[in-house]
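First the structure, in the form of structure tokens, and then the observations on it.
The values are calculated or read from the model by the stated rules, or taken from the named source; none is laboratory data. Just so it is clear, the structure is predicted and the values come from calculations on it, not from any experiment. Positions of Cβ are backbone-derived with ideal geometry, glycine not excepted, and every protein chain shown enters the neighbour counts. Each accessible area value is taken on the protein alone, full model and side chains, heavy atoms only, with ligands, DNA and RNA left out. Shrake-Rupley method; radii C 1.70, N 1.55, O 1.52, S 1.80 Å.
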Amino acid sequence: MDVSSISALFFLSLLLLFSSSTAKTPSRPRALLLQVTKDATTKQYVTVIRQRTPLVPVKLTVDLGQRFLWVDCEKGYVSSSYKPVPCDSTPCKRSFSGACAVGNNHSTCVHDPYNPFIHTSTGGELAQDVVSLQSTDGSNPGRFIRSARPGVVFGCGATFLLEGLANGVKGIAGLGNGFIGLPSQLAAAFQLDPKFAICLSSSTTSKGVIFFGNSPYIYLVNRDFANNDFVYTPFFKNPVSTSGSYFRGEPSMEYFIGVKSIKIIGNVVPINITLLTIAKNGIRGTKISTVDPYTKLETSIYNAFIKAFVKSLAKVPRVKPVAPFRVCYNSTRLGSTRVGPGVPPIELVLGNKNAASWTIWGVNSIVAVNNEVLCLGFVDGRFEPTTSIVIGAHQIEDNLLQFDIANKRMGFSSSLLFSRTTSANFNFTSKA
């Protein structure tokens, strides 16, 4: 064989090697997504993540403020890529763990997975394992992309900790604002921008979605939400954990925002504004929750709010309240609008420089308890609760919320119904 033939063959071999290598190495995704459904029995928001080697679909309840992903490791957890997190590792140190399990010449980081629905936790080791999520260009799901080893940090829970979770659920997808929170872990594992957006469906028969990574977020009827379509408000750091279980010195991983006042039809509700500022011991302030179904207000705030709302609808007769609500109306006495029942809008005035407001319209303020009765979907959070205002899941359904961890801010869209779309209108038809 002459020199030119050898050179040509060598070049062809390199080309084939490069092509093979390129085909096996997935390109960096712009974003990932999870489909979310509302469980009809528990009203919990449920998703599925593929985890382990070989990959197994794991059904999880979504908890916006949970510190990390945790799953039941006692029953049926088998994976060749499972790796305990060492005590002296960065994930352990940045998880605020206060315990280690020592044995077999090594120490393993221990944390406390928590179930907020039964207010119970247990000790369990932190570990890492691979996960696989669908990629997206913002308009459709793409192919599944698997993380490289060692994968994503998660906590090992016990089987009894599944009590109170939706049927078939094996743990909790914790979206908390911390180093081992699922959003930060996915950002690191897949080289994504450290942000995520959540859009919950109000229907138990339609899907909502969580995007991890950058926008755009494109819905049917060609509504494209980019970063500049959101109104932003900063996160407020709470120095003390608000979890039901935590280690000493651990800050809160929940998402607090700066509500400065509440307005109904433009009128300020008279409340003690000191309750709206986070105190040094971690109480007070305003946070967002996907675990609490309805917004909870500290009792004095709730009483003033109820009084102002009833006054705004003074000409509309009330009916016997249906627990847990205090104010209810006959559905035929309230008009209907594009954004739900015809009731006064509720404004949460935020601590922005431009004093922006997050407006809650009838579709998010009113709950249909049956075909005849509509109730104001806010509940009494009792005197001296840990947090003065907990914005509940009903109030954020069919709203697109972006949690920009890197820039410490939350973007919100207000009701998608104004754009003639809903959370269920993301096109889940895969292009892969």
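Overview of results
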quantity: Listed residues Lys38, Lys43 arranged by accessible area, highest first, probe 1.4 Å; calculated: Lys43, Lys38
quantity: Positive dipole terminus of the range 141-297, leading residue within Gly155, Gly282, Gly213 (C-beta point charges); calculated: Gly282
quantity: Convex hull volume per residue for the range 374-432, taking Cα atoms only, in Å³; calculated: 165 Å³
quantity: Relative contact order of the range 160-274, pairs being alpha-carbon contacts under 8 Å that are 6 or more residues apart, as %; calculated: 14 percent
quantity: The range 228-267: radius of gyration over Cα atoms, expressed as a fraction of 2.2 N^0.38 Å; calculated: 1.65
quantity: Accessible area in square angstrom per residue, the range 224-419, 1.4 angstrom probe; calculated: 44 Å²
quantity: Cα-based reach from Lys83 at 20 Å (exclusive), listing lysines while leaving out same-chain residues under 8 positions away; calculated: Lys75, Lys93, Lys170
quantity: Dimensions (Å) - the chain, Cα atoms, principal axes, largest first; calculated: 98, 53, 42
quantity: Magnitude of the charge dipole, the range 224-419, Cβ model with Lys/Arg +1 and Asp/Glu -1, debye to 20; calculated: 660 debye
quantity: Antiparallel bridges, percent of DSSP beta bridges restricted to the chain (to nearest 5); calculated: 90 percent
quantity: Alpha-carbon radius of gyration plus Dmax, which is the widest Cα pair, for the range 31-218 in Å; calculated: 15.9, 52
quantity: Residue-normalised accessible area of the range 31-218, given per residue in Å² at a 1.4 Å probe; calculated: 37 Å²
quantity: Close Lys-Lys pairs in the range 224-419, where close means Cα under 13 Å and separation is 8 or more or interchain; calculated: 8
quantity: Per-residue SASA entry for Arg146, accessible area with 1.4 Å probe, Å² rounded to 10; calculated: 100 Å²
quantity: Candidate aspartates and glutamates - alpha carbon under 17 Å from Lys43, same-chain residues fewer than 8 apart omitted; calculated: Asp63, Glu163, Asp292, Glu397, Asp398
quantity: Sequence of Ser289, Ser97 when ordered by accessible area, the most exposed leading, probe 1.4 angstrom; calculated: Ser97, Ser289
quantity: Solvent accessible area, Å² - Glu250, 1.4 Å probe, full protein context; calculated: 10 Å²
quantity: Largest-first principal axis extents, alpha carbons of the range 196-344, Å; calculated: 50, 44, 29
quantity: Accessible-area composition of the range 31-218, carbon plus sulfur, in percent [1.4 Å probe]; calculated: 51 percent
quantity: Among Val343, Val379, Val322: highest mean-square fluctuation, GNM of the chain, C-alpha pairs under 10 Å; calculated: Val322
quantity: Length-normalised contact order for the chain - Cα pairs under 8 Å, 6+ apart - percent; calculated: 17 percent
quantity: The range 108-234 - percent relative contact order, Cα under 8 Å, separation 6 or more; calculated: 17 percent
quantity: Whole-percent carbon and sulfur share, accessible surface of the range 224-419, 1.4 Å; calculated: 53 percent
quantity: Accessible area (Å², 1.4 Å probe, nearest 10) - Arg143; calculated: 110 Å²
quantity: Other-chain or far-sequence residues with amide H under 5 Å of Ser414's (modelled H); calculated: Leu400
